[in-house]
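The numbers here are math on the coordinates, done by the rules we state, and not lab data. The shown structure was predicted, so the numbers you read here are calculated from the model rather than taken from an experiment. As a convention, Cβ positions derive from the backbone with ideal geometry for all residues, glycine included, and neighbour counts pool all protein chains shown.
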């Protein structure tokens, strides 16, 4: 069977989701009001609250949530065959991710642009807010630490990608000042920037002296101690991580129009171009699917593990953080939330879909698939490599040389990872500032104080412990928590949206059904991890850090759910909590 049929089936469902289901949600469930005064207008400060064109905001939102995760998760989940992976990606995007991202954006806009953690105070209560913020901070800290390591690793393994990435920053700043600040059209300058970046990527691939290769500059892998007692590779990691932390400090404190918006618009175009190349290659080559529909040799059940392995690309709690943390503060008109939130989820679903198609067709025979996916651990180690190889085959269908394709893929991933890192640090700043306001520690509400804390905590986690992957890999100590914590966050966000809809007397089923499903799968998976994997049962070593944090997060999540269940039974108490935080809106003069 040709992989084109897999893509066609999923794309047909995406079209249904965008043209019918999202319109139904917008008009009948969320009831978007074009006259509602959004926080971007009400609190316009020229830094974080800035009314923004919906397509520019879509670019920011899309690239902030579409990092490497929509590739990594599906590539690993192919261990169970393409059937379960494709079903969860397609159905999850339309009926879970779309309403989650869209709903988080609307809910935040209706509550002064507050994050989902702060809104938990208004909708569930103060105790739940504290528990929820703890989960969010752990999640964002993990994202910061691991993405810093990922970018540093890509810079070291793909030195040809460094110069095009560095070039993007001054170009984006120039576009911000020359175009966005003056209200001009961003399309043409961003296309020129894209051509300039890709042209530089081709040049650096073929001209070695243009490659910023720190390992080579430090004397090569066999050079011995070169910096602070570190050998060349570790010294390169340290250098890149320090550069990245300095960059995200500056980037996350700049007004959004100076760097974040133009850079993310360019990155969104990168992803559209990249997806266009891969889908065109799929159409031209029409490769045969060699992976099985279902892997009968899998030793680990896909139920419930599939639903935490594939997060981004189906549904992800981190999307709700971005929607409520940064995107809601830039929403020009409330109806724009449908484009930004729901279409952003569909965009990420298309990336997860092409990942499945690339991996499903990369193997010459089904036996090769079973050799590569011989165990779940093997899937984790080789899944992304299988995607890169499969994507290179698809790109070859439109005539792109393999070495240039590798540089461009690394360029896209680094740009997206940097966007996610910047947004995550900005989110940490907001959360720390909100906590400072809540508890009267007003110093924490200052932009640079909160950012210093966010970057400092990230640096401690990245640099001090050894995560098993060398210098800068400390974030991987906590990474096994990411999948379950992330999906718990998505489920709790859906719960908050459902409570809000219930209070307003609207039908909560479109958010309540995916909430129940996701929380059931996630709590099931997390209980298995805490009780059977990290506790030391079955002759395994006890992983105390994961056990303690995992048990705390699991306990907090159950506590929040009990609070929510109580409020569903006492609607008057829910109304009293929520009315204090919701804005009335009104006509804009």
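Tabulated values for the structure
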| read-out | value |
| --- | --- |
| Model label zone, residue 41; criterion: amide N under 20 Å from point 7 Å along Cα-to-beta-carbon; scope the stretch 327-342 | 327-341 |
| Mean Cβ count within 10 Å, highest first, over the residues of peptides 358-369, 105-116, 14-25 | 105-116, 358-369, 14-25 |
| Gap separating the Cα centres of the stretch 329-384 and the stretch 487-558, nearest whole Å | 23 |
| Gyration tensor (alpha-carbon) shape descriptor, the stretch 126-248, a/c threshold 1.5 | oblate |
| For Rg and Dmax of the Cα atoms in Å, calculated from these coordinates, the label among (1) 28.4, 113; (2) 35.9, 135; (3) 22.9, 70 | (3) |
| Alpha-carbon centroid distance for the pair the stretch 294-308 / the stretch 22-68, whole angstrom | 37 |
| Ellipticity estimate at 222 nm from DSSP helix runs (n ≥ 4, -39,500 (n - 2.57)) divided over the chain, nearest 500 | -21000 deg cm²/dmol |
| Residues residue 364 and residue 208, FRET efficiency given R0 of 41 Å [Cβ-Cβ distance, rounded to 0.05] | 0.80 |
| Three-way shape label, the stretch 36-158, alpha-carbon gyration tensor, a/c 1.5 | prolate |
| Which of 444, 453, 509 has the fewest Cβ neighbours within 10 Å, and the rest in rising order | 509, 453, 444 |
| For 60, 319, 448, 41, order by how many other beta-carbon atoms lie within 10 Å, fewest first | 448, 41, 60, 319 |
| The chain - percent relative contact order, Cα under 8 Å, separation 6 or more | 31 |
| Order of 531, 195, 322 - criterion: other Cβ atoms within 10 Å of each residue's Cβ, fewest first | 195, 531, 322 |
| Label-point gap, in nm, between residue 537 and residue 402 - each point 7 angstrom along Cα→Cβ | 4.7 |
| Cβ-Cβ FRET estimate between residue 381 and residue 438, R0 fixed at 45 Å, reported to 0.05 | 0.55 |
| Estimated FRET transfer efficiency when R0 is 22 angstrom, pair residue 216-residue 157 (beta carbons, to 0.05) | 0.95 |
| Relative contact order of the stretch 131-253, pairs being alpha-carbon contacts under 8 Å that are 6 or more residues apart, as % | 28 |
